[in-house]
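Reading through the structure tokens given below for one structure.
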Amino acid sequence: MQQHPHTRRRRTGRLAGLTAALAAAVALTTLTGPGAQAADNPYERGPAPTESSIEALRGPYAVSEISVSSLSVTGFGGGTVYYPTSTADGTFGAIAIAPGFTAYQSSIAWLGPRLASQGFVVFTIDTNTTLDQPASRGDQLLAALDYLTQRSAVRGRIDSGRLGVMGHSMGGGGTLEAAKDRPSLQAAIPLTPWNLDKTWPEVRTPTLLFGADGDTVAPVSTHAEPLYTGLPSSLDRAYLELNGATHFTPNSSNTTIAKYSVSWLKRFIDNDTRYEQFLCPLPRPSLTIEESRGNCPHTS
């Protein structure tokens, strides 16, 4: 029986549509491994995350490093840049990390390769002097980011619109100072922070604070907790209090700090909602987390 010409055209049209859809699906599935990117988020980097991938000592990217002499920079004390070795995925977000009072970059060095291997350029810095106060450390974090994006050897690997800051103790207090001074920052993570200023209505940067239940240097009741509550209630913010921890817990490799820091940085610097699952709902009290607070779901 001969088919009606209109019937043939309709079937041919459906077949062409199915073929095009199949080709698009095949093209999408070929984007595997660290280079996989969702079409609707050009900043997404790396494969789909799992609990084990965010807890891993190393992520999917091989990492290289560059030592930056204090003599070659202004506004801060030099440091070490850790960055994904491959350029296949284009540019990455960048993070500057400051140490605490009397400390050097070595005290927060473990974060460099761990975060960089997840798809970030990370700059662990020394401050001008080990006695610098939080406001000065905030200025130095911003100076380090400016160096990274404008003068460093890896500036071509960085998306200057996707930047964040971290810091320990007075460096954590400096993290809030940097966020206050530069609202364009995409993420801030103070680690057992110390700052005498407890009100931060100016901050517009999504902020994750870590406290420690055994902190006697910057007790959570007088530092981390009021620093958290001093942020705008409408801000994307979270507070995690580490269980069985001290003020110096952030100075050595820590899976809890790493997994939630990676998730926060991915969620807000890379706009990667694949990591929302690890942040919301908030983690329950456990052997490693004393308590948590925060806004869920996130809006940024």
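Every read-out reported here was derived from the displayed coordinates using simple, explicitly stated rules and does not represent laboratory data. Everything numeric here is computed off the predicted structure, so don't read it as measured data. Neighbour counts run over all protein chains shown; Cβ positions are idealised from the backbone, glycine included.
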Rg/Rg_globular for region 196-291, with Rg_globular taken as 2.2 N^0.38 Å and Rg from C-alpha atoms:
1.07
Interchain or sequence-distant (5+) residues whose placed amide H lies within less than 5 Å of the amide H of residue 92 are 158, 159
Taking the convex hull of the alpha-carbon atoms of region 235-290 and averaging its shadow over every direction gives an area in square nanometres of 4.3 nm²
Longest principal axis of the chain (C-alpha) makes with the long axis of helix 255-269 (C-alpha) an angle, in degrees to the nearest 10, of 60 degrees
Extension reserve of the residue 74-residue 288 stretch, reckoned as 0.36 nm per residue once the Cα distance is removed
73.1 nm
Listed values (i) 92, 72, 41; (ii) 91, 43, 33; (iii) 54, 46, 33, entry calculated as Cα extents along the principal axes in Å
(ii)
Tell me the angle of helix 170-181 to the major Cα principal axis of the chain, expressed in degrees between 0 and 90 and rounded to the nearest ten.
60 degrees
Just to check I understand the Karplus step: with θ = phi - 60° and J = 6.51 cos²θ - 1.76 cosθ + 1.60, what whole-Hz values come out for region 63-80, glycine and proline as x?
10, 10, 9, 10, 8, 10, 5, 4, 6, 9, 10, 10, x, 7, x, x, x, 10
Take the Cα atoms of region 42-129, find their three principal axes, and give me the spread along each one in whole Å, biggest first.
41, 25, 19
Those residues of region 121-140 whose amide nitrogen sits under 20 Å from the label point placed on residue 216, 7 Å along Cα→Cβ
none
When the Karplus curve 6.51 cos²θ - 1.76 cosθ + 1.60 is applied with θ = phi - 60°, which whole-Hz ³J(HN,Hα) does each residue of region 222-236 get, with x for Gly and Pro?
10, 10, 4, 5, x, 5, 5, 5, x, 7, x, 5, 7, 6, 5
Between the modelled labels at residue 85 and residue 64 (7 Å from Cα along Cα→Cβ) the distance in nm is 0.9 nm
Find the Rg to Rh ratio for region 96-135, where Rh is the Kirkwood radius over alpha-carbon pairs and Rg uses the same atoms.
1.02
Which of these, 142, 287, 227, has the largest mean-square fluctuation under a Gaussian network model of the chain (Cα springs below 10 Å)?
287
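If you take the Cα atoms of region 125-280, find Rg, then find the Kirkwood Rh from the mean of 1/r over all pairs, what is Rg/Rh?
Computed over Cα atoms, the ratio is 0.95.
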